[in-house]
Every structure is written in C-alpha cells, then in structure tokens.
1. Between region 199-227 and region 396-450, what is the separation of their alpha carbon centroids in Å?
2. Counting Lys +1, Arg +1, Asp -1, Glu -1, what net charge surrounds Val182 among other residues with beta carbon under 15 Å of its beta carbon?
3. Report the local net charge at Phe54: Lys and Arg +1, Asp and Glu -1, summed over other residues whose C-beta lies under 15 Å from its C-beta.
4. Using each residue's phi in region 271-284, evaluate 6.51 cos²θ - 1.76 cosθ + 1.60 at θ = phi - 60° and report the 3J(HN,Hα) Karplus result to the nearest Hz, with x for Gly and Pro.
5. Take every Cα pair under 8 Å in the chain that's 6+ residues apart, average their separations, divide by the length, and report that relative contact order as a whole percent.
6. Which order, highest average first, do 45-56, 390-401 follow once you tally other Cβ atoms within 10 Å for each residue and take the mean per peptide?
7. Mind listing the long-range amide H neighbours of Ile70? Cut-off is under 5 Å, sequence gap 5 or more, other chains count too, H placed in the peptide plane at 1.01 Å from N.
8. Roughly how many debye, to the nearest 20, is the charge dipole of the chain about its Cα centre, given +1 on each Lys and Arg Cβ, -1 on each Asp and Glu Cβ, and no other charges?
Amino acid sequence: MEKTPAVSTLKAGFENSFAALPKKFYEPSMPEPVHGIVLQKYNQKLSRELGFNFTTETPELADCLAGNLIFSDATPIAMAYAGHQFGNFVPQLGDGRAILLGEKITPDGKRLNIQLKGSGRTRFSRGGDGKSPLGPVIREYLVSEAMHRLGVPTTRALAIVSTGERILRPDGIHPGGIMTRVASGLVRVGSFEYFAARGDDEAIHQLADYVIALHYPDILEKKDRYRQLFSSVATRQARLVAKWMQLGFIHGVMNTDNTSISGETIDYGPCAFMDYYDPDMVFSSIDTMGRYRYANQSRIMKWNLRCLGICLQTLLGKTDEEAMDVIDAGLAKFEQEFLWAQKAGMLQKIGIEKPADQDSSLLGELLALMQNQKADFTLTFRYLADHIKQGSDMTPQFQALFNEPDAVAAWLKSWQLRLAIENSPEVIQAKMNRINPLFIPRNHRINKAIEDAENKDDFSQVHLLANVYENPFTEQPDFTDYAQAPAGEERVTRTFCGT
Ligand code: AMP
Ligand code: MG
C-alpha cells in the first residue's frame, strides 16, 4: 500500500472555508492508507440529506471513507487547537487523529464539514498513533445518531469502516476503525485558546469573524457583534446542556477542546446515558474526581465559556474592566438561560406546559423518589404518561421501577390533581410521549454491539441498534427489550475514551 492516498475519481462537491484561513490555523494532512477495509455501516439517509448520490455500491466510496483514496475535490487538513483538559491548560492539542476533508453544501443550503476520525497521524498527534479502535467509532456512530433523533444539536455520523489493523491500547489489542463525522463546524473553545496562548490577537479576530459568518450570520452586521457572539454561544450551550440533562446524558469529557462554538454536542468519548437516576453519576474511567458528573455539567460549561470570554477579551471591551463586565454579563445570561431551559424542559417531561409556583417542588419530590429508589430515569418519565387520569392505578411496568411504590402512589395523586388544570389527559399524554423517549442508547446495549463487532466481526447489533434509535419516541413491539434498563449483572458502570 502507498504511503499517501491516491486521488479518487469520485467528486464530493466539497468546498473548504477553513482551509481559506491563514496557514497557522491548520496543517495540510493526508490520511494513512490501510489494508483490509470494509465499509461496515453507511448512513444512507444522511448521505442523501448531504446531497451525495453515493450508495454502498459506489466504486471507490469505501476507499475514500477509509482514507485510501481522496475525493478529487477534497483539501484534507488537520485543525489546530489547544484546550483545558480536566481544568489543566494544554497549549497544543489539535486534530491528532482526525482529518477534515472538506465542506459539503447540502441541497437545503447548509455547509457541513466531513471529517475522517482515526485515519492516522498528523502534525498534532503528539505521542499518539492517530488511529482509533472500532469500539469508540461504534459508540460515537450510535450515540451521535441517536442524539440527533432525540432532538439534540450534535455532530453526526456518516460511516464506519473497519480497517483490518490491530490497534494497541493499554487494555489490549483492538481491531481498528475509522468514522466519518459530519459537523456544522469544528471550531472549539480550544481553537481560540490556541491563539490566545500565543498572544495572537489578529488570529482571534479572524477566527471570531469566521465563526460569526458560519454560525451566527444574523449578527454579522451588528456593531457589537463580538459581544453578541459571546452571548449567543452562551445561549446555545445553555440550551444544549439542558437538553442533555433532560435525557440523562453525561458527556463525560467536557474539556474546552470538546466544546463547540456551533453549540453542537461534539466528541463522544466516554459519554453515557444514565440508567437509574443519580445526579452524581459518572461513567468515565478517567474522571476520578467527578468533574464531569451529570449534575455538574452546567457549571463546567460556564467554566468553559469563561475561558472563551477571556480569549475574546480584546474584542469585548476597550479596557480589561469593560471586557470583564461583558464576560460576567454573558455568564449570567448563560446561567439564567440554563435554569430557564432546564426548568421548562423538566416540567414538560411531567406534562406541565404552564408552570405555576408549586411545580418545582412537585418535580423535586419526584426526582427525590427516583433517586432514593434508584428508578430508571428514562422509563420513569415515559411510563408516567400512562397515569394522567385521576385515580388511575399504577401500571405494573411503572410500579416495577420502584422499590417502594406506595410512596410514589401518594406523589401520583398530587400530580394528577395538578394536571387536571393543565389540559386534557389525551393531549398531555401525546405531548409527554413526544419528549420522553422510550429508546435511548443504553451502555449495556452499546457495549454488546462493540463486543460483537470487535471480537466476532459481527455488526448485526450495530445495524439493529442504529435502526431502533431512529425512532426513539415510538413503540417498537419487536424491540421492547431494547427499551429496558440493564439487569443487575448487565449494568455497565465504566466507559473509556479509547484514545
Ligand atoms: P479527545 O480526548 O478525543 O478529545 O482528544 C484529545 C486530544 O488528543 C486531541 O488533540 C486528539 O486529537 C488527541 N488524540 C486522541 N487520541 C489520539 C490518538 N490515538 N492519536 C493521536 N492523537 C490523539
Ligand atoms: Mg476532542
């Protein structure tokens, strides 16, 4: 196999606005060709949304998604960024195992980045091999696509290629994988930090203009556009974190390099959905202090946004004091927006659209019952919708979520009384079932799919789960087991970055 990929006859219709920035923003980088590839999963629906006319039968497609060939109009680059990892600043990270091929302009006018992940070393690889085991690729594919279907802003997944390589990691040897990631933008808080650490105000100015044009075009002509940029990023992130929390999602590695300026969820490393409700839940094997635990996510996002604000300082005020006031105001807005989004979203989960004074304590009582009795987060809210009518008995499946259902019965009565003034039971139930999913990517299911693929070269669970998670709010009678929480011994308590 050649050391550098040859040019394919396939054309993707790529542009690359990031590569039009000055050279210091990135490094031209070619993927490393690999032997023995198989295109294991191709997201045909996303492919069509992107405006590609490729199918799995398209000659050379698998090779282009493996980095063996380069789409004829690609400009492959690795992006430069820095980042605070677990609170510690690292002045140079960058795409150490990812290569941006280009941007596809979709038929409906969106500009989406197409990136290979796990395709070999770049200038930013430091000590790493630039590769990825199949496991993290499968996890990212399934979870990011599920998040999209759950209504959460997120990067998406176009393809999984197995490379036939053996990837050495501390826990053993794994088969290799490459994912094709699709993102509306890949500039992170850490991208700004990279230039702030170098005192390069001009680059920060250029990058700010770039992300405004890309993600916040409405403020392009505004005199105070940099201040609006900061508060707009804060608003999007506040709504994003609230959405995560309403689904029981724990990102797991909210470093500033994994915080996107676009407001999309990015970097599915040790992420997980919690099964039973516990605000202190942590899954990541490396998050020993619980920095990124479920209930700490808004605080961490605020911390990350402060880092962004400091990078933008010279654009936010004429003096340091003025800039700090703008940053403080932006962070206060974040907090307000988060609290509002979180309260409104959580109350909607219990069928309340028009909040009244007592509603927060009603919600708090339910959460306390869930926490004390280790009730499944997802199913509690989903099954709750079967109990809206006053006096209705607990369904067996709801009752089974609790150790002491009697305590819950009392809560149900007060909830039913409260809902009587809200709307008709049918309307409330339909609304609740549109926001409370039945199917989430549960860790034990994802792990099983990974084990089958890595150990038996069997991708059937990957395909099945991808299908089930396409309709998370709809009952799927053939797949009821996939909605269920893990039985005791099936429970997965640790997830790994896999880097
Ligand atoms: P992550 O934890 O995935 O956000 O990655 C943090 C940083 O480590 C990024 O700069 C990655 O590009 C880099 N990195 C992670 N895994 C590898 C690897 N196997 N080889 C090279 N760089 C890596
Ligand atoms: Mg990252």
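Rule-based calculations on the coordinates, nothing more; no lab input. Predicted, not measured: the structure shown is a model, and the values here were computed from it. Cβ atoms come from the backbone with ideal geometry, glycine included; neighbour counts cover every protein chain shown.
1. 44
2. Every neighbour counted, the sum reads +2.
3. Values: positive: Lys11, Lys41, Lys45, Arg48, Lys104; negative: Glu49, Glu57, Glu60, Asp63, Asp73.
Net charge in that neighbourhood comes out at 0.
4. Each residue's phi maps through the Karplus curve to give 5, 6, 9, 6, 7, 6, 7, 8, x, 8, 5, 9, 10, 4 Hz.
5. RCO, the chain: 14 percent.
6. Working: 45-56: 15.7, 390-401: 13.9.
Top to bottom by mean Cβ count within 10 Å: 45-56, 390-401.
7. Ala6, Val7, Ser8
8. Dipole about the Cα centre, nearest 20: 480 debye.
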